[in-house]
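The values are calculated or read from the model by the stated rules, or taken from the named source; none is laboratory data. Only a predicted model underlies this, so the values are computations on that prediction, with no experimental measurement involved. When we count neighbours, we look across all protein chains shown, and the Cβ atoms used for this are built from the backbone with ideal geometry, even at glycine.
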Amino acid sequence: MAKLKLKTHSGAKRRFAVSGRGKILRRKSHINNARRKKRQAVKGEFDAMRPVDRTFGQRLRRLFPYGGT
């Protein structure tokens, strides 16, 4: 019997990235809402990817069956 391949969740594939060390990274939210009212320092924070909380990362692992995108 052939072994089934698991599919990566396509929504998670677009929203998250996996670092070289295996951490799941996310973007900050509210990036497109009222940009002109935000301080420059706040707008600079939107560029960086930040790690997902450890407890939420355990749930996300199921969406990345082979480790990364």
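If you check Arg21, Arg14, Arg36, Arg61 for being over 13 Å from the mean Cα position of the chain (by Cα), in a helix (DSSP H, G or I) and not hydroxyl-bearing (Ser, Thr, Tyr), only one passes: Arg36.
Of all the residues in region 3-61, those that are among the basic types (Lys, Arg) and at positive phi number 0.
Looking across region 19-40, the residues that are at pLDDT below 90 and either touching a Cys at 6+ places or on another chain (Cβ under 7 Å) or among the aliphatic types (A, V, I, L, M) (or both) come down to Ile31, Ala34.
Evaluation of Ile31 against the conditions (1) touching a Phe, Trp or Tyr at 6+ places or on another chain (Cβ under 8 Å); (2) in contact (Cβ under 8 Å) with a residue 24 or more places away in the chain shows that the sole unmet condition is (2).
Report every pair of residues separated by at least 6 positions or lying on different chains whose Cβ atoms are under 6 Å apart, first residue within region 1-13 and modelled with pLDDT of 90 or more, second of a type outside the set (Val, Ile, Thr) and in a helix (DSSP H, G or I). Once the first residue is modelled with pLDDT of 90 or more and sits in region 1-13, its partners that are of a type outside the set (Val, Ile, Thr) and in a helix (DSSP H, G or I) give His9/Leu63; Ala12/Leu63.
Just for region 16-37: of the residues that are surrounded by 12 or more Cβ atoms within 10 Å (Cβ to Cβ) and not hydrophobic (A, V, I, L, M, F, W, C), which one is farthest from Arg62 (Cα to Cα)? My answer is Lys28. On the given criteria, is Gln40 surrounded by 11 or more Cβ atoms within 10 Å (Cβ to Cβ), free of Cβ contacts under 8 Å to residues at least 24 places away in the same chain and either in contact with an Asp or Glu (Cβ under 7 Å, 6 or more places away or on another chain) or among the polar types (S, T, N, Q) (or both)? Spelling it out, it is not the case that Gln40 is surrounded by 11 or more Cβ atoms within 10 Å (Cβ to Cβ), free of Cβ contacts under 8 Å to residues at least 24 places away in the same chain and either in contact with an Asp or Glu (Cβ under 7 Å, 6 or more places away or on another chain) or among the polar types (S, T, N, Q) (or both).
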